[in-house]
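All of the numbers you see were taken from the coordinates with simple rules; none came from a lab. The structure displayed is predicted, hence computed values, not measured ones. Please note: Cβ atoms are built from the backbone with ideal geometry, for glycine as well, and neighbour counts cover all protein chains shown.
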Amino acid sequence: SYGKVVDLAPLHLDARISLSTLQQQLGQPEKALEALEPMYDPDTLAQDANAAQQELKLLLHRSTLLFSQGKMYGYVDTLLTMLAMLLKVAMNRAQVCLISSSKSGERHLYLIKVSRDKISDSSDQESANCDAKGNNFICIMLYKIWLN
């Protein structure tokens, strides 16, 4: 049974996906979603590219399942998590930072190029401070997107 495989090897991605598919077909949508819960903690994802790639595949299947179940909030949240993971890697490689600036009550987002030593993850991996052109900005590392 796929359930036993997942119990014995919780990091076996294909077993999780197969178990989820089977549970969905058997009319157990909540159990199907449980099989696609995150496999790795944020620290592991930050340090292990293979783990991050597997987690992205899992999130893709989870988003598809959530969409098919009509759970739009969970679907969008999962898509944002995937996007954040991809953007964080891309922005770090490109040495760019997303900044938010409020002028005259309007919020503007800009991408700026920064040196490697200016980009540092904070303990919660959601944001870090940097200094650009003499102004303090918030560099959003895009773990989650929260715009008011």
Original post:
How long are the three semi-axes of the equivalent ellipsoid for the range 1-109, computed from the Cα gyration tensor as the root of 5 times each eigenvalue, in whole Å, largest first?
Top reply: 32, 19, 8
Original post:
In percent, how large is the relative contact order of the range 1-120, given Cα pairs closer than 8 Å and 6 or more residues apart?
Top reply: 13 percent
Subject >> Cα lying deepest toward the dipole's positive end in the range 32-97, options Cys97, Gly74, Leu45, charges on Cβ >> reply: Cys97
Subject >> Packing-based ranking, highest mean first, of 44-50, 10-16 given that Cβ atoms within 10 Å are counted >> reply: 10-16, 44-50
**OP:** Take each of the peptides 76-88, 103-115, average the number of other beta-carbon atoms within 10 Å over its residues, and list them starting from the highest.
**Re:** 76-88, 103-115
Subject >> Hz values of 3J(HN,Hα) by residue in the range 14-19 - Karplus curve (6.51, -1.76, 1.60), Gly and Pro given as x >> reply: 4, 5, 5, 5, 5, 4
**OP:** Go ahead and run the numbers for FRET between Thr44 and Leu80, Cβ-Cβ distance against an R0 of 22 Å, rounding to 0.05.
**Re:** 0.65
